[in-house]
1. Return yes when B:V125 is part of a loop (DSSP other than H, G, I, E, B), farther than 12 Å from B:S318 by Cβ and open to solvent by 20 Å² or more (accessible area, probe 1.4 Å) and no when it is not.
2. Report, by residue number, each residue of region A:133-152 that is of a type in the set (G, A, S) and either within 7 Å of chain B (Cβ to nearest Cβ) or closer than 26 Å to B:R40 by Cα (or both).
3. Can you tell me which residue within region B:224-248, out of those that are touching a residue at least 60 places away in the same chain (Cβ under 8 Å) and part of a helix (DSSP H, G or I), is nearest to the other protein chains (Cβ to nearest Cβ)?
4. Scan region B:128-168 for residues that are in a helix (DSSP H, G or I) and open to solvent by 40 Å² or more (accessible area, probe 1.4 Å) and report the count.
5. Of the residues A:T179, A:T187, which single one is open to solvent by 10 Å² or more (accessible area, probe 1.4 Å) and within 16 Å of ligand 1 (Cβ to nearest atom)?
6. Go over the candidates A:G114, A:G63, A:G155, A:G83 one by one and state the one that is under 19 Å from A:I38 (Cα atoms) and among the small types (G, A, S).
7. Under 6 Å between Cβ atoms, at least 6 apart or on separate chains: pull out the pairs that start in region A:170-195 with a residue that is on the phi < 0 side of the Ramachandran plot and in contact (Cβ under 8 Å) with a residue 60 or more places away in the chain and end on any residue that is small (G, A, S) and within 16 Å of ligand 1 (Cβ to nearest atom).
8. Tell me which residues, restricted to region A:23-52, are more than 27 Å from A:E195 (Cβ to Cβ), within 6 Å of ligand 1 (Cβ to nearest atom) and crowded, with 18+ Cβ neighbours inside 10 Å.
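The values are calculated or read from the model by the stated rules, or taken from the named source; none is laboratory data. These numbers come from a predicted model, not from an experiment. Cβ atoms come from the backbone with ideal geometry, glycine included; neighbour counts cover every protein chain shown. Each accessible area value is taken on the protein alone, full model and side chains, heavy atoms only, with ligands, DNA and RNA left out. Shrake-Rupley method; radii C 1.70, N 1.55, O 1.52, S 1.80 Å.
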Amino acid sequence: MTSISPEPASRADPILSLHKVSKNFGAVSALTDIDLEIHAGEVVALVGDNGAGKSTLVKALAGVHQPTSGSIFFQGRPVTMNGPSDALDLGIATVFQDLALCENLDVVANIFLGQERNPWHLDEVAMEVRAWTLLNELAARIPSVRDVVASLSGGQRQTVAIARSLLLDPKIIMLDEPTAALGVAQTAEVLNLVERVREKGLGVIMISHNMEDVRAVADRIVVLRLGRNNGVFSPDASNEELVGAITGASDNAVSRRTGRIAEHMASGKNST
Amino acid sequence: MTREPNTEAAAAPATLLDRGDSRVAHANSVGGAISAFFDRVRAGDLGSLPVIVGLVIIWTVFAGLNPVFLSPNNLVNLLFDCSTVGVIALGIVCVLMLGEIDLSVGSMSGVGSALIGVLWVNQGVPLILAITGALTLGAVIGSVYALLRTRLGMPSFVSTLAGLLALLGLQLYLLGSTGSINLPYGSGFVDFGQLLIMPAWVSYTLPLLPGLAILSKGLRTRAQRRSVNLSAGSIGALVFKVVVATVVLEAIVAYLNQGRGVPWMFGLFVLLVVVMNYALTRTKWGRSMTAVGGNAEAARRAGINVRRIYLSAFVLCSIFATLGGVLSSARLASASQQAGTGDVNLNAIAAAVIGGTSLFGGRGSAWSALLGIIVIQSIANGLTLLNLSSSLRYMITGGVLAIAVIVDSLARQSRVSHGRA
Ligand SMILES: Nc1ncnc2c1ncn2[C@@H]1O[C@H](COP(=O)(O)OP(=O)(O)OP(=O)(O)O)[C@@H](O)[C@H]1O
Ligand SMILES: [Mg+2]
């Protein structure tokens, strides 16, 4: 297997680094000895097949799951996160793959959930204004922020979840397939957003199955396979390399398909 | 090809922050607000509509069968009876908001009333301390349920079912062989439960407050929203709401004052409802309650301490149940083995559900305790006036509860299909 490890974008200490992190669910080892570093102002793309452990890794960093073993360092200090609020306090914001929104609350309430202004007398007007500002930055198409989330489309929900992660001025943003349900314009806005966030000096972890999006914004591409590190690539790595690392073989479904199509075209040309 | 200008967009104030989407119909007038209301109802967002319709039907039927039913003094009696179980129902609203249940509120209220008898009458402890002691015990029991739920994952209907029996045993133990302790007639406590009525001027002044509150809050919100470029509701609709609320409340008070007047105990109940309504809708705690009831995992990931929310709900429920028991001992002037048994449990739960709090969690309001208990007590009171036995009363109340739950689940299905959660 050929994998190159390009120099990290910044020579400074990483904001977040993982050392030999493992996570078992009973007999299933979803993550085994994962090492990962994220620097300030860096976008790390996390790619891998379905079930590779990407979401599990993100959840471990968000405090949702506690790692079975291994250590997590935040700004050089070892940290243990006993719950999602610990991660939020550190400045780790997450957009989960399943979004984790409360369908029975309206958009404003969801964006501010857990972070309401004025706990004893909610400041609805200020929250609504802030919600609109965040949503407009994302070019959201949301009819009314006073509608419950249940009435929104999948992409609108995803925008709400992304808006929520921006609320707290985090140090690191983790986006688990943020553009999976988005339209063309909204995807572009999210990619712009990722770049803006990077310019502000934040670290970004982005999970995506869309190699085009990944190449467009990532500084490094980290491949997971069957819960293990399987190489770090620069965004200009060739498609075969990436696919090989993701699927774990040079002879895989993707290469067979490309080969078949090439063969087909060649034979088509011959017959004319 | 020429295009008609988009009239809707031209008519709307184009720069408002929340009116950017031309696909949404906004209700700008009183008429628009009314048709928006009907749309909501059709989508299954019923609010308190079923209970008000039900109340009108029930009152019409009973008034037809026995004119005494609607007499001012009978309604005053009804309000006295509402207050005790109503307070218990208020606690039930808290646990139902989380999709949990407390089946032991009846026994809990029985223990509360027994403690008043034992501590105050038998032991001579000052009344205020006796009440505090009872409420504290309630808080302890509630936290036990919460711990069983959050630490051991015990479904609340099982733990509270066990609690129902255990607390009933505690009540019998406290009351001992005599089985019943009479509270002194003529004491302020018993008078509060049976006689004390607001003076006329108080009873006419208090109903002005909701109108004033709605008006001042409405005007302030309008000004605030204007200043930050958000749409503000029409002033006509606001004034309409204020006038209707004030006129209806004053009319009710005037009618009750034809008889004995408005009981202080009912005043206390309404005060508790208002406070709980504020807490559930305007505080961070209330928002967290709704969130946990809707999607506990999402609430946890948002950093909400879900365990603490469960704790607060179960503790509040048990405290309200105990308080209801204390009030009912004042109402009956006794602490007996019968207190809190029979239909108290079911009535409190039924009241919350009939009032519109969903059994499935995440939806409910403090007002549902008030509306629901009036329905339940109207049925009980009306059937008693008709000299029907309690056997029939139970069957009919059971039927009404079944109807309420059916309405709840049908409305829920409709909400799901109309995307209103
Ligand atoms: N809560 C859980 N309990 C048990 N097993 C789990 C749990 N969460 C994840 N797993 C297992 O861990 C493995 C990795 O899952 P994960 O969700 O991290 O995959 P993923 O890389 O995000 O995949 P996808 O691209 O489909 O989102 C899977 O085999 C899954 O079955
Ligand atoms: Mg995933």
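1. Details: part of a loop (DSSP other than H, G, I, E, B): yes; farther than 12 Å from B:S318 by Cβ: yes; open to solvent by 20 Å² or more (accessible area, probe 1.4 Å): yes.
Criteria met by B:V125.
2. We begin by selecting, within region A:133-152, every residue of a type in the set (G, A, S); these are A:139-140, A:144, A:150-151.
Hits for region A:133-152 are A:A140, A:S144, A:A150, A:S151.
3. Ranking the candidates gives B:A237 first.
4. At the first step, the residues of region B:128-168 found to be in a helix (DSSP H, G or I) are B:128-152, B:156-168.
Restricting the remaining residues to those that are open to solvent by 40 Å² or more (accessible area, probe 1.4 Å) gives B:128-129, B:132, B:135-137, B:140, B:144, B:147-149, B:151-152, B:157-158, B:161-162, B:164-166, B:168.
Qualifying residue count for the region: 21.
5. Working: A:T187 fails: within 16 Å of ligand 1 (Cβ to nearest atom).
One residue alone meets the criteria, A:T179.
6. On the way: A:G114 fails: under 19 Å from A:I38 (Cα atoms); A:G155 fails: under 19 Å from A:I38 (Cα atoms); A:G83 fails: under 19 Å from A:I38 (Cα atoms).
It is A:G63.
7. A:D176/A:S55
8. A:A30
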